[in-house]
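This report refers to the structure that appears directly beneath it.
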2 protein chains.
Amino acid sequence: MFLPQTAEYGLRAMAQMASRGAGVSVRTKDLAEQTQIPAHYLSKIMRRLVAAGVLESEKGHGGGFRFARPLHRIRFADVLEACGFEIEPNRCAFGLGQCNLKNPCLLHPSFSELNGAIRQWAAKTTLQDVADGTTPIRFVPGA
Amino acid sequence: MFLPQTAEYGLRAMAQMASRGAGVSVRTKDLAEQTQIPAHYLSKIMRRLVAAGVLESEKGHGGGFRFARPLHRIRFADVLEACGFEIEPNRCAFGLGQCNLKNPCLLHPSFSELNGAIRQWAAKTTLQDVADGTTPIRFVPGA
DNA sequence: AACACAGTAGACTTGACTATCCACTGATGT
DNA sequence: ACATCAGTGGATAGTCAAGTCTACTGTGTT
């Protein structure tokens, strides 16, 4: 996998929650069991998602987490960013100073396309798509 | 960047070498300066690439590294794999046991496309493309 | 009021990745 | 032969993400 563990966990947990519907409240312990994520570690991730405004939490008896807004308004990018994973737009692997269209690095042609594809995927895919089991974006190799 | 440092360095170094042409012999020290990669660390990466059959080395005075085969036969995937980075074909972020078309995980529709796109990119792009400044694969979002 | 539940917060440990260093081997030039 | 150059290999140390642990706060139940 190309995602850091934390980001993958975050996405996995949100996908699991999304599959239950938008309004349901979930406890960390249950979610940890269902997703096979270490409970205490998941707890940290959930807090990051609360801080990012993706989730809301309620303490105490009967508490738990629920989505802070409708599923179609929670993009993968939101989840990934909350987990500390961000795809830098103007970064090429050659990485010597700035790299842009006017002053492209050697790897620019190869990289920018892939980089852009990943960013689009993260920006266009939402938890609603997970709930629906659909794919909003398609990659067509060749051409 | 979604690549581990080692993989990024490997790609960067190979791109730099490819831009010089296929047959030229390069010393680690010079390559390290040009690519801004720590010299001793680059040395290790170069050895991995030798072990993987991507490069050939010559010791002693006038020695250095050169490509073991033509540029168009060195794929990004070869370089990345030599650097310890491999994109697992049948891995989804949900990651509970096996995940395939018959028994897809929640994230399967979203993930398999992107995963496949990255793998195709690594498999189809070669150092020759870097030397030419071209992109062999194109991602078409939407549709 | 007392208790149990569940999220909060931060310290702590672990381990993999990154990076550095040095002694060694082999090749070239004088 | 000898000195120098350049890759080899292993030992070592630093850094940061990943994972664990424990005490705290707030909420609901009895």
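Annotations
- Those residues of the range A:81-132 which are modelled with pLDDT under 70 and of a type in the set (A, V, I, L, M), in sequence order: A:Ala93, A:Leu96, A:Leu101
- Among the residues of the range A:53-85, the one identified as surrounded by fewer than 18 Cβ atoms within 10 Å (Cβ to Cβ) and under 18 Å from A:Pro4 (Cα atoms) is A:Gly84.
- Each residue in the range A:56-87 was checked for being in contact with a Ser or Thr (Cβ under 6 Å, 6 or more places away or on another chain), within 16 Å of DNA strand C (Cβ to nearest atom) and under 12 Å from A:Leu127 (Cβ atoms), and 0 of them qualify.
- Residue, farthest from B:Arg119 (Cα to Cα), within the range A:3-25, restricted to residues that are without any contact (Cβ under 8 Å) to a residue 40 or more places away in the chain and surrounded by fewer than 16 Cβ atoms within 10 Å (Cβ to Cβ): A:Arg20
- Reported count of residues in the range A:55-84, each being outside any strand (DSSP E or B), of a type in the set (A, V, I, L, M) and free of Cβ contacts under 8 Å to residues at least 60 places away in the same chain, is 2.
- Among the residues examined, B:Glu86 does not qualify as in contact with a helix residue (DSSP H, G or I) (Cβ under 9 Å, 6 or more places away or on another chain), acidic (Asp, Glu) and within 9 Å of DNA strand D (Cβ to nearest atom).
- Answer residue from the range A:1-28, given it is modelled with pLDDT of 95 or more, more than 14 Å from chain B (Cβ to nearest Cβ) and within 15 Å of DNA strand D (Cβ to nearest atom) and is farthest from A:Ile87 (Cα to Cα) among those: A:Arg27
- Restricting the range A:34-52 to residues that are surrounded by fewer than 17 Cβ atoms within 10 Å (Cβ to Cβ) and within 14 Å of chain B (Cβ to nearest Cβ), the residue that is farthest from DNA strand D (Cβ to nearest atom): A:Gln34
The values are calculated or read from the model by the stated rules, or taken from the named source; none is laboratory data. As the structure is a prediction and not an experimental result, all values here were calculated from the model. Reconstructed Cβ throughout: ideal geometry from the backbone, glycine too, with neighbour counts over all protein chains shown.
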